[in-house]
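Only the coordinates and a few stated rules stand behind these numbers; no lab work does. Computed from a prediction, not measured in an experiment: that's the story for all the values here.
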Amino acid sequence: MAMHFNEDIDSDGEMHDINVTPFIDVMLVLLIIFMVAAPLATVDIRVDLPNSSAPAQPRPDKPLYLSVKGDQQLFIGAEPITLQTLAQTLNQQTQGNKETTIFFQADKHVDYETVMSVMDNLRKAGYFKVGLVGVEHTGQKN
């Protein structure tokens, strides 16, 4: 009684099995790349946002965030700016495309006058598509 171990080898000596080791190596490298890149794609400015009961809306691939922190510092993305340079910086970030949606987030401790001042400067700069960012309401009290 003879035993035959390599049933998948034909008469020419070629194996017909799929070697998955290179595939696994590529997948692990991609996993590491995405694990490193994912935190870099988020906004680094911490803002204490008020709650919202509106349903979440889909976001574009590269959103442009305009943030006002509690101490009234103004940021576009992670870049600090002033109210006087807001229009110029927005034009640079959007390449002059006034149809770009600006996602505006303000700390809940920022006074209404500051929020309206920023909104007025956005209007003067020609940016009328403004999305207000809030925290989704979970039904629990803070």
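Within the straight-line cut-off of under 24 Å between alpha carbons, the lysines reachable from Lys98 are Lys62, Lys124, Lys129, sequence neighbours fewer than 8 places apart in one chain being disregarded. Stretching the chain fully between Thr100 and Glu79 yields a gain of 5.7 nm (0.36 nm per residue, less the alpha carbon separation). Quick check on the stretch 18-129: take the gyration tensor over C-alpha atoms, sort the square-rooted eigenvalues as a ≥ b ≥ c, and tell me if it's rounded (a/c under 1.5), prolate or oblate. The shape class here is prolate.
Rounded to the nearest 5, the antiparallel percentage of DSSP beta bridges internal to the stretch 62-139 is 45%.
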